[in-house]
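Asks: My structure is below; once you've seen it, I'll send some questions.
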Amino acid sequence: TRIGARCAVHPHAHVCGGTAGGGGLTSIGDDCLVMSHVHVGHDCSVGPRVVLASRSSLAGHVTVGEGAQVSGHACVHQRVSIGGGAFVAAAAVLLDDLLPYGLAAGASRATVDSLNMRGIRRLRTPPAEQRAMLRAFRHLFLLPRRTSRFEQSAPPPRLALLSVSERAAALLAEVAEAAGAAPTLRLVEMLRFVRDHAGPRGLCLPSSSAGVSEL
């Protein structure tokens, strides 16, 4: 087990060691906060600046990206990947891979119905990139845009013919064409995660009733 610099591991937290069949290492990056009664399973890889709140549990072989947060009493299935900057809500049961900056909630099977906008703003992400991330999230999952309480607008029809990974590739191509128009570091991270997704777990998807209000 390897625990990085400036980590705070509170009483009764349980960090399992690595196993021979899983790489032999459980690692926690620098500047992490592991609160009381947290369980970190064998062969997990937790990035820097991650917060694991009290009584949250990571099963074996879970990967958590930089700056992600797992709230109290949340449970993460084995071999799930959580992208950087993502947020898992309290008591959520995360069974699928969560894209970077996604916000997952749900006590039976978590869904990602929004982005972690509070976390994105805390990173001082420029407003133009915030809008681009919300637009890309909406187009990735073919979510309507909430223009008012009663009115919604659909994403471009051409995207409906593509798979989620193909939509991510198409949106990355658009970002590349518009390079220099606005900062895109976090937007590209989010889209690449979806485009290259090939893990043993599925991708965490929105619920059927989701809709996104753009900034």
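Asks: What are the residues in the range 51-78 that are of a type outside the set (Asp, Glu), touching a Gly at 6+ places or on another chain (Cβ under 7 Å) and assigned to a loop (DSSP other than H, G, I, E, B), if any?
Replies: Across the range 51-78, the qualifying residues are Ala53, Ser54, Arg55, Ser56, Ala59, Gly60, His61, Val62, Gly65, Gly67, Ala68, Gln78.
Asks: Go over the candidates Ala210, Ala136 one by one and state the one that is under 30 Å from Val62 (Cβ atoms), of a type in the set (Gly, Ala, Ser) and either outside any loop (DSSP other than H, G, I, E, B) or at pLDDT 95 or above (or both).
Replies: Ala136
Asks: Follow-up. Select from the range 80-130 the residues that are assigned to a loop (DSSP other than H, G, I, E, B), among the basic types (Lys, Arg) and under 19 Å from Arg49 (Cα atoms) and list them in ascending order.
Replies: Arg124
Asks: Assuming Ala74 fulfils every condition listed in (1) open to solvent by less than 10 Å² (accessible area, probe 1.4 Å); (2) farther than 14 Å from Val50 by Cβ apart from one, which condition is it?
Replies: (2)
Asks: Further, regarding this structure: Which pairs do you get when a residue that is hydroxyl-bearing (Ser, Thr, Tyr), found in the range 30-53, comes within reach of a residue that is surrounded by 23 or more Cβ atoms within 10 Å (Cβ to Cβ), reach meaning Cβ atoms under 8 angstrom, with the pair 6+ apart or on two chains?
Replies: As it stands, the answer is Ser45/Thr26; Ser45/Val62; Ser45/Val64, since those pairs meet every condition given.
Here's the yes/no breakdown for (1) modelled with pLDDT under 90; (2) loosely packed, with under 12 Cβ neighbours inside 10 Å; (3) aromatic (Phe, Trp, Tyr); (4) within 22 Å of Glu66 (Cβ to Cβ):
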{"site": "Arg158", "(1), (2), (3), (4)": "yes, yes, no, no"}
{"site": "Val164", "(1), (2), (3), (4)": "no, no, no, no"}
{"site": "Arg167", "(1), (2), (3), (4)": "no, no, no, no"}
{"site": "Ala176", "(1), (2), (3), (4)": "yes, yes, no, no"}
{"site": "Pro183", "(1), (2), (3), (4)": "yes, no, no, yes"}
{"site": "Met190", "(1), (2), (3), (4)": "no, no, no, yes"}
{"site": "Arg195", "(1), (2), (3), (4)": "no, no, no, yes"}
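Asks: Just to check your reading of the model, which residue among Gly29, Gly41, Gly47, Gly22 is at pLDDT below 95 and either within 25 Å of Val93 (Cα to Cα) or touching a Leu at 6+ places or on another chain (Cβ under 9 Å) (or both)? Talk me through it step by step, then tell me what you get.
Replies: Details: Gly29 fails: at pLDDT below 95; Gly41 fails: at pLDDT below 95; Gly47 fails: at pLDDT below 95.
The conditions single out Gly22.
Asks: Within the range 85-117, restricting attention to residues that are small (Gly, Ala, Ser) and within 8 Å of the chain's Cα centre (by Cα), which residue is farthest from Leu143 (Cα to Cα)? Reasoning before the result, please.
Replies: At the first step, the residues of the range 85-117 found to be small (Gly, Ala, Ser) are 85-86, 89-92, 102, 104-108, 110, 114.
Add one more test, that the residue is within 8 Å of the chain's Cα centre (by Cα), and what stays is 85-86, 102, 104.
Details: Gly85: 21, Ala86: 19, Gly102: 14, Ala104: 16 Å.
So the residue we want is Gly85.
Asks: Considering each of Ile82, Ile120 in turn, give the residue that is open to solvent by less than 30 Å² (accessible area, probe 1.4 Å), in contact (Cβ under 8 Å) with a residue 12 or more places away in the chain and over 11 Å from the mean Cα position of the chain (by Cα). First the steps, then the outcome.
Replies: Working: Ile82 fails: over 11 Å from the mean Cα position of the chain (by Cα).
Being open to solvent by less than 30 Å² (accessible area, probe 1.4 Å), in contact (Cβ under 8 Å) with a residue 12 or more places away in the chain and over 11 Å from the mean Cα position of the chain (by Cα) holds for just one of Ile82, Ile120, which is Ile120.
Asks: Does Gly29 qualify as being under 16 Å from Gly4 (Cα atoms) and surrounded by 23 or more Cβ atoms within 10 Å (Cβ to Cβ)?
Replies: Details: under 16 Å from Gly4 (Cα atoms): yes; surrounded by 23 or more Cβ atoms within 10 Å (Cβ to Cβ): no.
Considered against the rule, which asks whether it is under 16 Å from Gly4 (Cα atoms) and surrounded by 23 or more Cβ atoms within 10 Å (Cβ to Cβ), Gly29 comes out as no.
The values are calculated or read from the model by the stated rules, or taken from the named source; none is laboratory data. No experiment lies behind these values; they were computed from the predicted model shown. Please note: Cβ atoms are built from the backbone with ideal geometry, for glycine as well, and neighbour counts cover all protein chains shown. Calculation scope for accessible area: heavy atoms of the full protein, side chains included, ligands and nucleic acids excluded. Shrake-Rupley method; radii C 1.70, N 1.55, O 1.52, S 1.80 Å.
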